[in-house]
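Here the structure comes first, spelled out in structure tokens, and everything after it is commentary.
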Amino acid sequence: GAVVSQHPSWVICKSGTSVKIECRSLDFQATTMFWYRQFPKQSLMLMATSNEGSKATYEQGVEKDKFLINHASLTLSTLTVTSAHPEDSSFYICSAQDVGGLGETQYFGPGTRLLVL
Amino acid sequence: GQQVMQIPQYQHVQEGEDFTTYCNSSTTLSNIQWYKQRPGGHPVFLIQLVKSGEVKKQKRLTFQFGEAKKNSSLHITATQTTDVGTYFCAGPREETSGSRLTFGEGTQLTVNP
């Protein structure tokens, strides 16, 4: 149980285009999902907290107009990187909190590697 | 703000040797969680510790939560090549009800066969 999927797993795009990443909880409902980015050999940096049916909460320094988050249902959250630039290239990972699980435990998706040319 | 620190940053061991990573928080934690990330993979939840002084074991892995609930450790006995990866500890943000986590920088373990 507690499986989280992400799509796509890899994306290469040109500078200036927008990229949409989907995060799904497959076998449980998640009122809260989280979006992280991770640079090589570094820790996970929380970008935003996505709550079903309400606006996302962004961490300090993360541009909400740049990284659009939509949490339309209890099993799906999307992150759209708008007008992507090479510095946005990173590993983006979502996680979902299992409502019926161990409280704050988060289950991570497999991640999306974004390369902006 | 809250900081979660881990040492060492890197650890190289020979297969069969033991390994320990330490996690320290600048604030008292309601719980601490450990995750493992294999090279090229994503973090996978290992365990959650809640009680002061709690010790939990998973086969060759032993997890400990300090009495003051500010530090934790992960000890692996007789490492195997399958233990390779980065181990992260994480604690709930102090200013929230506990949903958001602050991750340590991780300890990258390599095991030489």
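Determine which residues of the stretch B:1-42 fall in the zone a paramagnetic label at B:Asn112 would reach in this model, i.e. backbone nitrogen under 19 Å from the point 7 Å along Cα→Cβ.
Those under the cut-off are B:8-20.
May I ask for the distance between the Cα centers of the stretch B:35-111 and the stretch A:1-36, given as a whole number of Å?
24 Å
Less than 16 Å apart at the alpha-carbon level, and either on another chain or at least 8 residues along: which aspartates and glutamates does that give for A:Lys55?
Those aspartates and glutamates meeting the cut-off are A:Glu63, A:Asp65.
Would you please state which residues of the stretch B:19-40 a label at B:Ile7 would reach in this model, taking the label point 7 Å out along Cα→Cβ and a backbone N cut-off of under 20 Å?
Zone members listed by number: B:19-29.
Take the residue pairs A:Lys20/A:Lys66; B:Lys36/B:Lys57; A:Lys20/A:Lys64; A:Lys41/B:Lys56 and return only those whose Cα atoms are more than 20 Å apart.
A:Lys41/B:Lys56
Largest first and in whole Å, give the semi-axes of chain B's equivalent ellipsoid, each being the square root of 5 times a Cα gyration tensor eigenvalue.
Taking √(5λ) for each Cα gyration eigenvalue gives 24, 14, 12 Å.
Using only the alpha carbons, work out the radius of gyration and Dmax of the protein assembly as shown in angstrom.
In Å, with Rg to one decimal and Dmax whole: 17.7, 52.
Going through the stretch B:23-113, which trypsin sites (Lys or Arg not before Pro) have at most 12 other Cβ atoms within 10 Å and a DSSP loop state?
B:Lys51, B:Lys59
For chain A, report the convex hull volume of the alpha-carbon atoms normalised per residue, in Å³, without decimals.
97 Å³
Once both labels are modelled 7 Å past Cα along the beta-carbon direction, what's the A:Ser18-A:Ser54 spacing in nm?
2.5 nm
At a 10 angstrom cut-off on C-beta neighbours, averaged per residue, how do the peptides A:80-88, A:25-33 rank from highest to lowest?
Final packing ranking: A:25-33, A:80-88.
In the protein assembly as shown, which cysteines lack any other cysteine Cβ under 4.7 Å from their own?
So, A:Cys13.
Every number here is computed from the coordinates shown, using simple stated rules; none is lab data. Note that the coordinates shown come from a computational prediction; the quantities given were computed from them, not determined experimentally. Cβ atoms come from the backbone with ideal geometry, glycine included; neighbour counts cover every protein chain shown.
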